[in-house]
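Here's the structure we're looking at; comments come further down.
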Amino acid sequence: MNNVNIKNAPLAIRKLLDGSSSPYDFDSVKRWVNECYNTPSHYELVMEAANEVLVCFGVEALGNVSAVYCNTGDTYATTLIYDLENDRYLWSAWGDFVEQEEKV
């Protein structure tokens, strides 16, 4: 989906999260799925599509907690996080998320 720009990025992300847009609409997802033997899970596809929309540096795992995030290149920049333990998407900085999880 090459027509997403910074002005309509929030709407594109919302549509991904509420299911009204398919991750398969995004070029990066199509390329990735074509290279995979097994189809990635739905949250992985959504996160890859979000990475394209947000123009981040890839989807990465957080080692100490069960979560993945779109890497903005800044620990405390707001980004999309998927919390695997609680099956939820969050808008937060991954540094803040890890600090909060360590308190629990």
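See the values below:
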quantity: Residue in region 74-104 that is surrounded by the fewest Cβ atoms within 10 Å (Cβ to Cβ), counting only those that are aliphatic (A, V, I, L, M) and more than 14 Å from Ala61 (Cα to Cα); calculated: Val104
quantity: Unique residue being among the basic types (Lys, Arg) and at pLDDT 95 or above when the list is Lys30, Lys103; calculated: Lys30
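Every residue, every condition in (1) over 14 Å from the mean Cα position of the chain (by Cα); (2) surrounded by fewer than 10 Cβ atoms within 10 Å (Cβ to Cβ); (3) not aliphatic (A, V, I, L, M), yes or no:
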site: Ser28; (1), (2), (3): no, no, yes
site: Trp32; (1), (2), (3): yes, no, yes
site: Leu62; (1), (2), (3): no, no, no
site: Thr72; (1), (2), (3): no, no, yes
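The values are calculated or read from the model by the stated rules, or taken from the named source; none is laboratory data. Bear in mind that the values here come from a model prediction, so they are computed numbers and not experimental data. Note: ideal-geometry Cβ built from the backbone for every residue, glycine included; neighbour counts use all protein chains shown.
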